[in-house]
Amino acid sequence: GLLEDLIGIAVKHAGDQYLELATKLAGALIDATDGDTRAIQQRLRAGNLLRNRQFAFLHLATETLEKALRREIAELAPAARDQRARGGADQPLALVPFEEMDTRVALGGVGKPFESLHSDALQTLNVRLAFLLDRDILRVSQNPFRPEVFLVALQQAWTQFDAEPESAPLL
C-alpha cells in the first residue's frame, strides 16, 4: 500500500543520486595523496574497485537501503509494537557488535546536519507516519526515513562491496 509506495519513492530518489556519489567517491579515493603509502594504496585499490564495479555497488546500495527501510517500518508496525508490549519472550535480545554500534553512532553524527536542514519535512512525515501506523507520536529517531538509516545502509553496502577491513572507514 502506501508504505510500499514510500519505500519505492525513497529508494528511487536515493538510487538516482548513488551514481554521482559513486563517481565522486571513486575519484576522491583515487586522487587522495595524504597519509602513509599503505593508506594511499588502500584508497587507490578501493577507488579502482568502485570505478570498475560501479553498477554492482549501485545495485547493492539500493538493495541494502530497501531492506533497511523495510526493517525500520516493520519495527513500527502495530504487530511488532504489540509483540514488544507483551514482552516478546520468543524473541531473544539481539546484541549489536561494538564495531557496528560505533559505526551507527558515527553515522548518526554525520546525519545530524541533514536532520537539522530538513527538520520541518521530517517532523511533518513523523506526524503522517504516526497517523498511518496508528501511533500517538513518532520521534525523529523512529522515523524510518531519517538520514541515519540512509547513511548506515550505504555504509553496510560499502563494507559488503569492499570486504577489506581497511576499506570500511573510507566511505
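Would you list which lysines come within 18 Å of Lys12, measuring only between C-alpha atoms, while excluding same-chain residues fewer than 8 positions from it?
The qualifying lysines are Lys67.
Write down the accessible area per residue of the stretch 1-61 in Å², having rolled a 1.4 Å probe over the full set of protein chains. Before the final figure, lay out the partial values.
Working: 3740 Å² over 61 residues.
With the other protein chains kept in place, the stretch 1-61 gives 61 Å² per residue.
The values are calculated or read from the model by the stated rules, or taken from the named source; none is laboratory data. These numbers were taken from a predicted model, which means no experiment stands behind them. Ligands, DNA and RNA are stripped out before the accessible areas are found, and what is left, the full protein with its side chains, is counted by its heavy atoms. Shrake-Rupley method; radii C 1.70, N 1.55, O 1.52, S 1.80 Å.
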